[in-house]
1. Give me a count of the residues in region 75-98 that are open to solvent by less than 40 Å² (accessible area, probe 1.4 Å), of a type outside the set (Val, Ile, Thr) and on the phi < 0 side of the Ramachandran plot.
2. For Thr239, all conditions in the list (1) open to solvent by less than 20 Å² (accessible area, probe 1.4 Å); (2) closer than 22 Å to Asn317 by Cα hold save one; what is the number of the exception?
3. Are there any pairs, at least 6 apart or on different chains, whose C-beta atoms fall under 8 Å, with the first in region 46-57 and within 27 Å of Gly29 (Cα to Cα) and in contact (Cβ under 8 Å) with a residue 24 or more places away in the chain and the second among the aromatic types (Phe, Trp, Tyr) and surrounded by 10 or more Cβ atoms within 10 Å (Cβ to Cβ), and if so, which?
4. Can you pull out the residues in region 242-272 that are farther than 29 Å from Thr324 by Cβ and out of contact with any Cys (no Cβ under 9 Å at 6 or more places or on another chain)?
5. Considering every residue within region 151-158, establish whether at least one is in contact with a strand residue (DSSP E or B) (Cβ under 8 Å, 6 or more places away or on another chain), at pLDDT below 95, closer than 20 Å to Val19 by Cβ and surrounded by fewer than 20 Cβ atoms within 10 Å (Cβ to Cβ).
6. Asn228 is checked against (1) assigned by TED's automatic domain parsing to the domain that holds Leu82; (2) over 22 Å from the mean Cα position of the chain (by Cα); (3) open to solvent by less than 60 Å² (accessible area, probe 1.4 Å) and fails just one. What number does that condition carry?
7. From the list Leu105, Leu133, which one is in contact (Cβ under 8 Å) with a residue 24 or more places away in the chain, touching a Leu at 6+ places or on another chain (Cβ under 9 Å) and open to solvent by 50 Å² or more (accessible area, probe 1.4 Å)?
8. Quick check on Ser255: is it crowded, with 20+ Cβ neighbours inside 10 Å and in contact with an Asp or Glu (Cβ under 7 Å, 6 or more places away or on another chain)?
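The values are calculated or read from the model by the stated rules, or taken from the named source; none is laboratory data. Being a predicted model, the structure only gives us computed values, none of them experimental. Counting neighbours? That spans all protein chains shown, and the Cβs are built from the backbone with ideal geometry, glycine included. Remember, those area values only see protein heavy atoms, side chains included, never the ligands or the DNA or RNA. Shrake-Rupley method; radii C 1.70, N 1.55, O 1.52, S 1.80 Å.
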Amino acid sequence: MSFNSLSLNKMYPANHKTVFVLDHTPYFGISCENPIEFEFLKTRGPGCLPIPPFSKSLWTCSFESAIEYCRIVWDLFPQGKLIRFIASDNLAHLINTWSPSQQHLGHITSMMSLIGIPPPVHASNSKMDYTVLHGMKAAIEALSEITDKQQEKMTSDCQTKLINRCRVICITSARDDESMKRLEEIFLNGLIQQNKGAAKSDRLLVIDHCHLVIINTFPVNVESQVSNHPPKNLSPILTTEVHSVKASLVPNKLSSLILEHYDLASTTVTGIPMKEEQNASSSANYDVEIYHASTAHTAILKGNASDSAAIQTQKENHEYQTVTLKWCTPRGTTGSELQNCTSMHRITPVDVNSRPSLCLINFLLNGRSVMLEMPRKTGGKITSHLLAAHGGEIFIHTLCTARSVLEDPPSISEGCGGRVTDYRITDFGMLIKQNTLVPVKPTSVEKNVTPIMEVKSRLSRMTRYWPLTISSTLIFNLKAYIDPLPSIITKESITEEEVYQCKQIIRNLINLENKHESLHPLNTGQRLKGQKRDEQYRTMWNELDMLIKNNLHTENHKNIHKCLLECHTFKDEKVELDDALRELDQIGPTKAELDTQRASVIRATTDSPMSPPPLATIAAPFTSRSSGIYSTPKTLLDIFNTQDKSKSRPDFCGRMGDNLVAKLYPNLKTDNDRGPRTEGMEVE
């Protein structure tokens, strides 16, 4: 889309005038076959019959979805976004006009109640011309009418042509793709005829462009023969798209479409503490989804890509993504306090009738404000948004997460996430010098690759693996050992002599490792503190392998990587628990003591303090010491019989023979024999 098209979309948006055409033919009076339970009583008394489940009609599903669409639009845009309703059966029923006094839900619902449900399927109605085309024709005529806002623009600027862009959303049901195609063609012809008449009239506007959205709906138990198709241009003045969905999913479809039509975004406020309705002393965490302008997320989505991906999730049973932000416990802050904000937009809850939404809205309308935190993938969190009410309307404020202009300018060693003092500043300066752009003269020989493309390709090669900080790299701190391998490997093509030079560097590193010589980096970062020689070499080889694998441009580059693999064998240092247990199973029974030592060593190297207990401890808790820890389990009786009875305690004297009596407390004196209190009781 060109710049002129974008500017026209902002000056004359298509969502200024929207017409809903609802199919009111007898077919839409049938059930959508999606049962809803209507039984609220937990226990029924005698004689109380259960209430059977019921299903909404296609008309009810369509009208409720369209009304919810309007509620969201009018909550977020109190002015400037006009919506009209037209019901079509044997004629077109005009529900409202473009007048602002009729742009509210009360007027639409009261007028719809006068129309009532679709006419029943009856023999007397068979001759009636029931079709949605009556409503489509009335919608085209309504789009040519001038709204108050358009009249103001025409009056204020007579020299500039007014662009009349609009949208029609038709909820109907077609038989197959051919019927849907025919419906689109009829609408296009009606549009052309209307423009011819409007061009000769002073009270009508020519329709410069119309966006026709057709939602083909049908009962849940029916398979539709109508296929979806994305937006396509039937002519310069008409763009059409078709969505074929079940009646129960029409609200979800319109929720996805409204985000596109009005440039909205979804935010899910998670972790809201809320007292339980049945038990006020306990609380639980709930989530509330809200809609608002998409520009409220511009700052956080343009930041770190990994952080942005972590907070975006697919909305269940919907076709859009929602940004999840965590509730931050308010600390006595109110909406009247000043905050460093970059933007502010109205919000509206998606599920307006749910208890969590009502509690959040009432909490904000009472003068409290809520801070929203964005978790980061690397750890920590940042306060990114604020929810507060102003004048009875709730807004989402995008907080400034960058530096304020009032602060001192940051030093070169200070980053966005805190103070980072080990940037590779010298190496970055060399990178800039090596990729400085200079003017070049055009050559006589034409090339398919332009100079700017060559420079971009060169810069891409040199930065394919380029750590930012000293502590995040080792090989770039070992210039005395590996230079000039990093500069050679990033070239587009290398010579045989340079290949030999790189191979020689790899062999020298192998010799140093075989001699057990430590590497001495020029700049010792935090990562190298306390590293042993073996860990240092392992880190160096892995990083060198990563550098070369990211630069396999030619066959000579691959030869260098092949030399690295031949000279140094990369092993996986992690020993999995399953591998360790497999080794224990293979231990021979003739080496009991050696096997027990080996098993303890392997288990000591594979288990960590937080590891689960080995499977052997759970499956075979009673084993023989002489036959290894994985021998056949023994029962309690076997263990009891194998114990040494000589070391057991003597049996109770009362059980030594028949008719024996054991004296209770034999050392306790009688009252007659009791001596002074100071003697006490005899104790063995």
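1. From region 75-98, those open to solvent by less than 40 Å² (accessible area, probe 1.4 Å) are 76, 80-89, 92, 95-96, 98; that's our starting set.
If we keep only those that are of a type outside the set (Val, Ile, Thr) too, we end up with 76, 80-82, 84-85, 87-89, 92, 96, 98.
Remaining after also requiring on the phi < 0 side of the Ramachandran plot: 76, 81-82, 84-85, 87-89, 92, 96, 98.
Residues meeting the conditions: 11.
2. Failing condition for Thr239: (2).
3. Short answer, once both residue conditions are applied: Ser57/Phe28.
4. Correct list: Val242, Ser244.
5. The answer is no; no qualifying residue exists.
6. (3)
7. Leu133
8. In short, no.
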